[in-house]
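Following: one structure in structure tokens, then a few remarks.
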Amino acid sequence: MEAAAETTVDRLGTAEEVAELAGFLLSERASFVNGSAHYVDGAYSAV
């Protein structure tokens, strides 16, 4: 089975989507975020 078919969004993620999370975590908007795990996998790990 193809990996994209196992996600809830039926596609693979892009480098830009991973970069968006990295950019957010490095920004001032994430100043109260700590000690958490963030999965950028289209809910693949939840299936």
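So which of LEU21, LEU12 ends up being assigned to a helix (DSSP H, G or I), surrounded by 12 or more Cβ atoms within 10 Å (Cβ to Cβ) and without any contact (Cβ under 8 Å) to a residue 60 or more places away in the chain?
On the way: LEU12 fails: assigned to a helix (DSSP H, G or I).
Every option except LEU21 fails the conditions.
What about SER45, is it out of contact with any strand residue (DSSP E or B) (no Cβ under 7 Å at 6 or more places or on another chain), not in a helix (DSSP H, G or I) and not hydrophobic (A, V, I, L, M, F, W, C)? Steps first, please.
Values: out of contact with any strand residue (DSSP E or B) (no Cβ under 7 Å at 6 or more places or on another chain): yes; not in a helix (DSSP H, G or I): no; not hydrophobic (A, V, I, L, M, F, W, C): yes.
In short, no.
Using beta carbons and a limit of 8 Å, which pairs, at least six apart or on different chains, have the first residue in the stretch 32-47 and in contact (Cβ under 8 Å) with a residue 12 or more places away in the chain and the second one of a type in the set (Asp, Glu)?
Listed pairs, sorted by first residue: VAL40/GLU17; TYR44/GLU6; VAL47/GLU6.
Taking the stretch 27-47 as the search range and keeping residues that are of a type in the set (A, V, I, L, M) and surrounded by 10 or more Cβ atoms within 10 Å (Cβ to Cβ), which one is farthest from ALA15 (Cα to Cα)?
Start the filter on the stretch 27-47 by keeping residues that are of a type in the set (A, V, I, L, M), which leaves 30, 33, 37, 40, 43, 46-47.
Filter once more, so that each one left must be surrounded by 10 or more Cβ atoms within 10 Å (Cβ to Cβ): 30, 33, 40, 43.
Details: ALA30: 20, VAL33: 22, VAL40: 10, ALA43: 16 Å.
The residue in question is VAL33.
Name the single residue, out of those in the stretch 24-35 being part of a loop (DSSP other than H, G, I, E, B) and not hydrophobic (A, V, I, L, M, F, W, C), that is nearest to SER45 (Cα to Cα).
If we filter the stretch 24-35 for residues that are part of a loop (DSSP other than H, G, I, E, B), which is where we start, we get 27, 31-35.
Cutting the leftovers down to not hydrophobic (A, V, I, L, M, F, W, C) gives us 27, 31, 34-35.
Details: SER27: 26, SER31: 26, ASN34: 21, GLY35: 19 Å.
That would be GLY35.
Rule-based calculations on the coordinates, nothing more; no lab input. If you're wondering where the values come from, they're calculated on a predicted model, not measured in any experiment. Cβ sites come from the backbone with ideal geometry, for glycine too, and all protein chains shown count toward neighbours.
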